Every structure is written in structure tokens, then in C-alpha cells.
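Engineer: Below you'll find the structure I mean.
Nothing in this text is a laboratory measurement; each read-out follows from the coordinates by a stated rule. Because the structure is predicted, anything quoted here is derived from the model rather than measured. Every residue, glycine as well, gets a Cβ built from its backbone with ideal geometry; the counts of neighbours run over all protein chains shown.
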Amino acid sequence: MPALLLKQATLFGFGLGGASAAEPASAVDILIDERGFVAAVGPTLAPPAGAEVIDLRGCHLSPGWIDMHAHVYDGVSNIGLNPDDIGPATGVTGIVDAGSAGAANYAGLRDYVIAPRPYPIVAFLNVGLIGLTYASQVSELDSMDKLNVDRLLACIDANRDTIKGIKLRASGVILRGWGIDIVKLARRAADEADLPLMIHVGEPLPLLEDILDVLAEGDIVTHIYHGKRFGLFNRRGLIPQAERARERGVLFDVGHGAASFSFAVAERAIALGFTPHTIGTDLHARNIGGPVWDMPATMSKLLAAGLPLADVIRASSTVPAGLLGLETYANGLIGAPARFTAFDLTHEPVEVADSEGVARTLRTFIRPRAAIVGARHWRAESRLLRCSK
């Protein structure tokens, strides 16, 4: 690849050069060498011979966006998407496939989805052997026949470069009679694997209160702002188990999905300071045409729900990067691998809906303009904005 020069981008979310995430630095040029590493940063840089140049004047440049929860086992899972449709083309520079594959079929995800892509895709391996082969019709974990912890751990040990956690969908419609014991088993397996456990929460049983009490530091609860009964709030307010879990280091992911994001719950929680650590979309074949659409639409919904822009960007970039072992730029840009998203803020009204069909008009939209991974770049646009034209 030729070198790449990014011209006049305004840094946002790096905390570099004396600027905080909320107070971006002045526009700078960034030179990325042929190997994909940042070679120079300055007010004005001359492009080397043969370098590509991208004019980012008027754009913010943040650490690359990462979708912490998506489903991209295209062609195998019945809800799998082509990652190229929701990746750099929408500003996303890294994707976590959250449980589409189990130990019995992980090799296909690794070899045919992850390996060919020039941007990072990693997986949280489903506790159930078959993963989401036929999601919502065939449960991946409704009997002991679909559970083999030895095989789960062996698959993880053979693929630690691409498997970064374990995934369990712990709601009644999936477990079909299993209760909190399967959560305890998954937590124990995650401990043996020395990896975090990501827990999908929704309809009981088990109850969210019981799930939270099992989880350990670094574990991730996804779908935290769902609007179903027995969620974050009881009649007295935020359930105390959620506060205790957060205090001991349990993390919370948005996981919008087709049925797991309520504006009312998100606004109430954010107003109380119960903010998400990461922003995952739970994009799959049944919600990519709405209500989720893409990562920028989900980020913009969180902004509308009261999460400050700096926190939206952090939860979409440096926090998930740190969890996955990707670069966070905590030690600066020079010498680091390039993985950036260019975006701006538009203020034309955009109509959206949450998972309960509640409509909102977004007055500010976080619109991606480009994705950069190494010396490679893509023009980016929100699918929602493109489809609404």
C-alpha cells in the first residue's frame, strides 16, 4: 500500500496535544506509512512521493469505531450479515461477532469471515456448540447435548488471537427451562479460559438480579437498556445489584438489537449516571433495515438519550479497543498502527425508532465520512442516511 496523508483533521477522543476529548485540538495532518503506522503528525505535512491524500477539512478524527456486538457469520447463521456492509463502509473499523459461532463451527467464521478482512474482526465464542445457526428457531443451549465445556476451552486455546471472550444468551426464551446454573457454569468456563463472559439479558428466567450477582470484573452485560419487564429498574428505581456489579468492574454494553433498546430506559439510566461502557449494535439480518440500521445511528440515539458526545465516542472506540487488545493511543499517535474514523455532526432532522417502535427525531447525527485501517481507507456513510434519501 502507498503511504497515506490525512489532511487537516480535527482530533477528537485522543486526549493528545493538550486537548481533552471534549475540547478537540486544532486541525492537523497525519502521515501513515506504507506499513500502516503513524509516521508523523503536524500542522502541515508534505505528502511523500506516491502517497495518497485525503482532505478531512471540517471533519473530526477519532480513534476507530468498534461495534462491540454484531453478527457477521454470513452464510452460516441465519441472521449473519456480510461484515463489509456494516464495517468500514459505515465508519466501523472493528467488529465483535457476539456468539454467532460455537466450538462446533468456529473454524468457518475464522477462515471465511475473519481472515479475509483487512480490518479486525474478533469473536466471543458461544457457550452452545452450534452457535446461532438457526437463531430464534433452534436454541443453541436448551439441553446438555449442546454443551461441551472441554471442546469450548480447546477451541479457545487454539484460537486466542481471534477469540476474545465467551457469549451466553441468558434469557428464558433461549434457555427454555435452564436457570441461573447455566450462568454459573459459563462464568466458571470463562474463568478457566481467562476471558470475559458476555451475557445477553432479556426475558426471565433467570432474573437480571441473579445474573448480575454471578458476574465478575471485566464481564459484559449486553442489552442493558431493554424495555422488557425485570430490567434495570424496579418500582423503587435502579436495582441495587446493577450498582454493585458496576462498582466491582462489571461492564455494560448497549446491544440495541431488534428488541433490546428503549429510549425511555436509556434516558432514565443515563440521567442517573448509569452510562454504557461500550456501544454495540447487535446488528443482524432482521434489524439492519430498522430499527438499528448501523453503528452511527445507534451512537446518535445514545447522544439523543443524554450521553455526551465525548462519552459516545469513547464507548465506541477506546474503551472497546482496550478490552480487545487493540491500540487505544494512550501513549500517543507516532509509531502506532492507524485505525481511525472521520466524522462530522449534521443537524438536519433524522427520524428513528427504538426497539419498541417509539419514534424520535434526532436533531444531531454523528455522520461517518471515512474509515482508515493501516494505510487503507474507505469512504463512509450511514446506511440510515443513505436509505432515507
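Engineer: About the Cα centre, and with charges only on the beta carbon of Lys, Arg (+1) and Asp, Glu (-1), how big is the dipole of the chain? Nearest 20 debye, please.
Structural biologist: Around 600 debye, computed over the chain.
Engineer: Under the rule of -39500 (n - 2.57) per DSSP H run of 4 or more residues, summed and divided by the residues of the chain, what mean residue ellipticity at 222 nm is obtained, to the nearest 500 deg cm²/dmol?
Structural biologist: -6000 deg cm²/dmol
Engineer: Could you tell me the calculated FRET efficiency between R151 and K184, based on Cβ-Cβ distance and R0 = 30 angstrom, to the nearest 0.05?
Structural biologist: FRET efficiency, R151 to K184: 0.95.
Engineer: Still on this structure, please answer the following. Roughly how many debye, to the nearest 20, is the charge dipole of the stretch 60-162 about its Cα centre, given +1 on each Lys and Arg Cβ, -1 on each Asp and Glu Cβ, and no other charges?
Structural biologist: 120
Engineer: Could I have the simple spin-label model distance between A285 and R376, label points 7 Å from Cα toward Cβ, reported in nm to one decimal?
Structural biologist: 2.5
Engineer: Based on the Cβ-Cβ distance of A49 and E348, what FRET efficiency does E = 1/(1 + (r/R0)^6) give at R0 = 56 Å, to the nearest 0.05?
Structural biologist: 0.85
Engineer: Oh, and also: How much length is gained on full extension from V76 to D213, taking 0.36 nm per residue of separation minus their Cα-Cα distance?
Structural biologist: Contour length minus the Cα-Cα distance gives 45.9 nm.
Engineer: Can you tell me the order of 243-254, 369-380 when each peptide is scored by its average per-residue count of other Cβ atoms within 10 angstrom, highest first?
Structural biologist: Most protected by this proxy first, the peptides run 369-380, 243-254.
Engineer: Let me ask another. Going 7 Å from the Cα of A115 toward and past its Cβ, which residues in the stretch 133-169 have a backbone nitrogen under 19 Å from where you end up?
Structural biologist: Counting backbone N atoms under 19 Å from the label point, the list is 155-164.
Engineer: Right, next: Taking springs between alpha-carbon atoms closer than 10 angstrom, which of I180, I156, I211 fluctuates most in the Gaussian network model of the chain?
Structural biologist: Result for the chain, Cα springs under 10 Å: I180 fluctuates most.
Engineer: Next question, about the same structure. Of A336, L302, L324, which is farthest along the charge dipole of the chain in the positive direction, counting Lys and Arg as +1 and Asp and Glu as -1 at C-beta?
Structural biologist: So the residue furthest toward the plus end is L302.
Engineer: Sticking with this structure for a sec: Return a whole-number percent for the relative contact order of the chain, with Cα pairs under 8 Å and 6 or more residues apart as the contact set.
Structural biologist: It rounds to 19 percent for the chain.
Engineer: Which whole-number percentage describes the relative contact order of the stretch 114-269, with Cα contacts under 8 Å and a sequence gap of 6 or more?
Structural biologist: 18
Engineer: Roughly what % antiparallel, to the nearest 5, for the DSSP beta bridges in the stretch 64-324?
Structural biologist: Counting only bridges with both partners in the stretch 64-324, antiparallel ones make up about 5 percent.
Engineer: Note down the relative contact order for the stretch 262-389 as a percent, whole number, built from C-alpha pairs under 8 angstrom at least six residues apart.
Structural biologist: It rounds to 25 percent for the stretch 262-389.
Engineer: Also: Mind checking which lysines have their C-alpha under 30 Å from K164, skipping anything on the same chain fewer than 8 residues away?
Structural biologist: By straight Cα distance, K164 reaches K146, K184, K228, K301.
Engineer: Another question, then. Once Lys and Arg get +1 and Asp and Glu get -1 on their Cβ, which of G249, V312, L345 lies farthest toward the positive end of the dipole of the chain?
Structural biologist: Among G249, V312, L345, the one farthest towards the positive end of the dipole of the chain is L345.
Engineer: Size of the stretch 64-324 along its principal axes in angstrom, Cα-based, largest extent first?
Structural biologist: That gives 44, 41, 31 Å along the principal axes, largest extent first.
Engineer: Place +1 on the Cβ of every Lys and Arg and -1 on the Cβ of every Asp and Glu in the stretch 64-324, take the dipole about the Cα centre, and give the residue among V92, T133, F274 whose Cα lies farthest towards its positive end.
Structural biologist: The Cα lying farthest towards the positive end belongs to F274.
Engineer: Something else: What spacing in nm lies between the two simple spin-label points modelled at T364 and F37, each 7 Å away from Cα in the Cβ direction?
Structural biologist: With each label placed 7 Å out from Cα toward Cβ, I get 3.7 nm.
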